[in-house]
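*Asks:* Have a look at the structure that comes next, please.
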Amino acid sequence: MTITTRFAPSPTGYLHVGGARTALFSWLYARKHGGSFILRIEDTDLERSSQASVDAILQGMEWLGLDYDQGPYYQTQRFDRYHAIIGQLLEQGHAYYCTCSKDELEQLRAEQMANKEKPRYNGKCRHIGNHKPEQEAVVRFKNPQDGVVVIDDLVKGEIVVANKELDDLVIARSDGSPTYNLTVVVDDMDMQITHVIRGDDHINNTPRQMNILQALGASVPQYAHLPMILGADGARLSKRHGAVSVMQFRDDGYLPEALLNYLVRLGWSHGDQEVFSIAEMVQYFDLADVNGSASAFNMDKLLWLNHHYIMNSDPALVARHLAWHIAQLGIDPSTGPCLTEVVKIQRERCKTLVEMAAASEYFYKEFDGYEEKAAKKNFTVGSDEVLAQLHGQFSELSDWQSESLHQVIINLAESLGLSLGKVAQPLRVAVCGSGVSPAIDATLALLGREKTLARISRAVDVIRARA
Ligand code: GLU
């Protein structure tokens, strides 16, 4: 038996962190067992589904690196199959036509509510069976009336539901279109899903789906219902808690590895380990270690992890992601140093790639003006002379390496009897436009001789013009 899992989003919006975590757990489980992971787009709700949402989901999966072995399958392309199964259920006496009108159903509901009973369909049309009536009719599944359904949930444990609690649910609308529970069941059966890993908002559907599977003679998969993700305030995670779309995290400067690491720890643990490579996640992941209760989304922890991954990942990999952010700023990276080198000198001080891109603009683009406070503090009388001397000595350097640049700076400070800061800070403002940058010698080395000298000259002119 090949372990087969699926991620089955409805394309009614972007891929949000809850969906991404479901996808990740399903993906990990399949990968861990050398199984198969399927992507299935549940797009039968034509009103709410859109191509833009499908694209956003595919984009999110790709950015996260959650590859699938089969699919994407689209439910809208499988209607013939659903109709065939509805026909089969009717024929075998597991389903029946129901002609109850909306008014009738509403009245029934009102009566049941008034009697403090749980509202459910009373089976009035069961006798109609598979004789298609003249008038409008839906098709209902004939749910067993006795006994119980036992869900051996791999996360929540055993859940027992009495069949008399369950309705004869509608499996085909009056226009013949299949309903959600029917399509999921047919797909899980046809795609030979062995493990259904999904949000616990679907727990109510599970006993109904199990009954339909049984009626079809299909084997019932194992279920693992994942607890909700909450915001820091304990309410269900939503937009007002900040970013919830996976692609928004890219836009905000997160690495996919950091988000995956963050997501895997939302509800799953392995001892007290916090940082997991993808290989370690695959190795250690187990549904048995998923916590049954909800977990809260913590942006600070995600930010910490992001910085960890920026610091510890291969700089070339970080650079590939930084390139996207650099492009967002309208910068052509060929106009300056190799991004991998930029990552190496910036990574310690930047927690996101948005920060890193913004802090690296001066390597590629001339800046318009100097940061006011920094200029006021450092472009003082006499600093023009310091900068002019640096210009002279830098021009004579035979190589443009950090060490040589460093030597020039400390030698000049010493010969002028100045602190290092009195030399390095005006220089920093001159070449970077502000008083913050990585180590000045490494910054100049990356910036290159031409830009450095031109910017020093410009600063000298500015200071003299001001005086
Ligand atoms: N399409 C459903 C959703 O997006 C998921 C169904 C399932 O996983 O069984 O909530």
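The values are calculated or read from the model by the stated rules, or taken from the named source; none is laboratory data. None of the values given here were measured: they were computed from a predicted structure. All Cβ positions, glycine included, derive from the backbone under ideal geometry; neighbour counts span all protein chains shown.
*Asks:* Counting only residues that are in a strand (DSSP E or B) and buried (at least 18 other Cβ atoms within 10 Å of the Cβ), how many does the stretch 208-229 have?
*Replies:* Residues flagged as in a strand (DSSP E or B) and buried (at least 18 other Cβ atoms within 10 Å of the Cβ) within the stretch 208-229 amount to 5.
*Asks:* Hey, another quick one. Can you tell me which of (1) under 20 Å from residue 162 (Cα atoms); (2) out of contact with any strand residue (DSSP E or B) (no Cβ under 7 Å at 6 or more places or on another chain) is the one residue 250 doesn't meet?
*Replies:* Against the list (1) under 20 Å from residue 162 (Cα atoms); (2) out of contact with any strand residue (DSSP E or B) (no Cβ under 7 Å at 6 or more places or on another chain), residue 250 comes up short only on (1).
Each row is one residue, and each column tells you yes or no for (1) away from the ligand (no atom under 15 Å from the Cβ); (2) not acidic (Asp, Glu).
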| site | (1), (2) |
| --- | --- |
| 175 | yes, no |
| 181 | no, yes |
| 213 | no, yes |
| 216 | yes, yes |
| 240 | yes, yes |
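*Asks:* So which residues in the stretch 192-224 are within 19 Å of residue 162 (Cβ to Cβ) and touching a residue at least 40 places away in the same chain (Cβ under 8 Å), if there are any at all?
*Replies:* Once the filter is applied, which keeps residues that are within 19 Å of residue 162 (Cβ to Cβ) and touching a residue at least 40 places away in the same chain (Cβ under 8 Å), the stretch 192-224 yields 203, 206, 207, 208, 210, 211, 212, 215, 223.
For (1) touching a residue at least 60 places away in the same chain (Cβ under 8 Å); (2) touching a Cys at 6+ places or on another chain (Cβ under 9 Å); (3) outside any loop (DSSP other than H, G, I, E, B); (4) over 25 Å from residue 244 (Cα atoms), each residue gets a yes or a no:
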residue	(1), (2), (3), (4)
280	no, no, yes, yes
307	no, yes, yes, no
342	yes, no, yes, yes
369	yes, no, no, yes
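*Asks:* Is one or more of the residues making up the stretch 166-176 more than 22 Å from residue 41 (Cβ to Cβ), acidic (Asp, Glu) and not in a strand (DSSP E or B)?
*Replies:* So far as the stretch 166-176 goes, yes, one or more of its residues are more than 22 Å from residue 41 (Cβ to Cβ), acidic (Asp, Glu) and not in a strand (DSSP E or B).
*Asks:* Could you check, for the stretch 309-329, whether at least one of its residues is over 20 Å from the mean Cα position of the chain (by Cα) and closer than 19 Å to residue 432 by Cβ?
*Replies:* Yes, the stretch 309-329 has at least one match.
*Asks:* Determine whether the stretch 358-377 contains at least one residue that is more than 48 Å from the chain's Cα centre (by Cα) and aliphatic (A, V, I, L, M).
*Replies:* no
*Asks:* Those residues that are assigned to a helix (DSSP H, G or I) and surrounded by fewer than 14 Cβ atoms within 10 Å (Cβ to Cβ), I need them from the stretch 386-409; list them, please.
*Replies:* Across the stretch 386-409, the qualifying residues are 392, 395, 396, 403.
*Asks:* Further, regarding this structure: Go through the residues of the stretch 148-164 one by one and say whether even a single one is modelled with pLDDT under 95 and either away from the ligand (no atom under 16 Å from the Cβ) or not in a strand (DSSP E or B) (or both).
*Replies:* Within the stretch 148-164 (the criterion being modelled with pLDDT under 95 and either away from the ligand (no atom under 16 Å from the Cβ) or not in a strand (DSSP E or B) (or both)), the answer is yes, since at least one residue qualifies.
*Asks:* Go through the stretch 218-238 and count every residue that is aliphatic (A, V, I, L, M), under 19 Å from the mean Cα position of the chain (by Cα) and more than 12 Å from the ligand (Cβ to nearest atom).
*Replies:* So the answer is 5.
*Asks:* Right, something else. Tell me, which residue of the stretch 238-253 that is surrounded by fewer than 21 Cβ atoms within 10 Å (Cβ to Cβ) and not in a helix (DSSP H, G or I) is modelled with the lowest pLDDT?
*Replies:* Checking each candidate, the answer is 243.
*Asks:* Go through the stretch 18-52 and report how many residues are among the aliphatic types (A, V, I, L, M), within 14 Å of the ligand (Cβ to nearest atom) and touching a strand residue (DSSP E or B) at 6+ places or on another chain (Cβ under 6 Å).
*Replies:* Residues that pass the stated criteria total 4.
*Asks:* Additional query: Within the group 182, 213, 166, which residue is over 29 Å from the mean Cα position of the chain (by Cα) and closer than 23 Å to residue 71 by Cα?
*Replies:* 213
*Asks:* Considering only residues that are more than 9 Å from the ligand (Cβ to nearest atom), in a helix (DSSP H, G or I) and under 25 Å from the mean Cα position of the chain (by Cα), which ones fall in the stretch 188-202?
*Replies:* Answer for the stretch 188-202, where residues must be more than 9 Å from the ligand (Cβ to nearest atom), in a helix (DSSP H, G or I) and under 25 Å from the mean Cα position of the chain (by Cα): just 200.
*Asks:* Cβ-Cβ distance below 7 Å, separation of 6 or more or different chains: which pairs start in the stretch 154-167 with a residue that is closer than 22 Å to residue 121 by Cβ and end on one that is surrounded by 15 or more Cβ atoms within 10 Å (Cβ to Cβ) and at pLDDT below 95?
*Replies:* That search, which allows pairs on different chains as well, returns 167/120.
*Asks:* So, one more: Residue 205 - would you say it is surrounded by fewer than 18 Cβ atoms within 10 Å (Cβ to Cβ), within 25 Å of residue 79 (Cβ to Cβ), at pLDDT 95 or above and within 11 Å of the ligand (Cβ to nearest atom)?
*Replies:* Answer is yes for this residue.
*Asks:* I'm trying to understand the selection: among the residues of the stretch 89-129, which are touching a residue at least 60 places away in the same chain (Cβ under 8 Å) and loosely packed, with under 15 Cβ neighbours inside 10 Å?
*Replies:* 92
*Asks:* Can I ask one more? Name the single residue, out of those in the stretch 413-467 being of a type in the set (S, T, N, Q) and in a loop (DSSP other than H, G, I, E, B), that is surrounded by the most Cβ atoms within 10 Å (Cβ to Cβ).
*Replies:* Of everything passing the filter in the stretch 413-467, 437 is surrounded by the most Cβ atoms within 10 Å (Cβ to Cβ).
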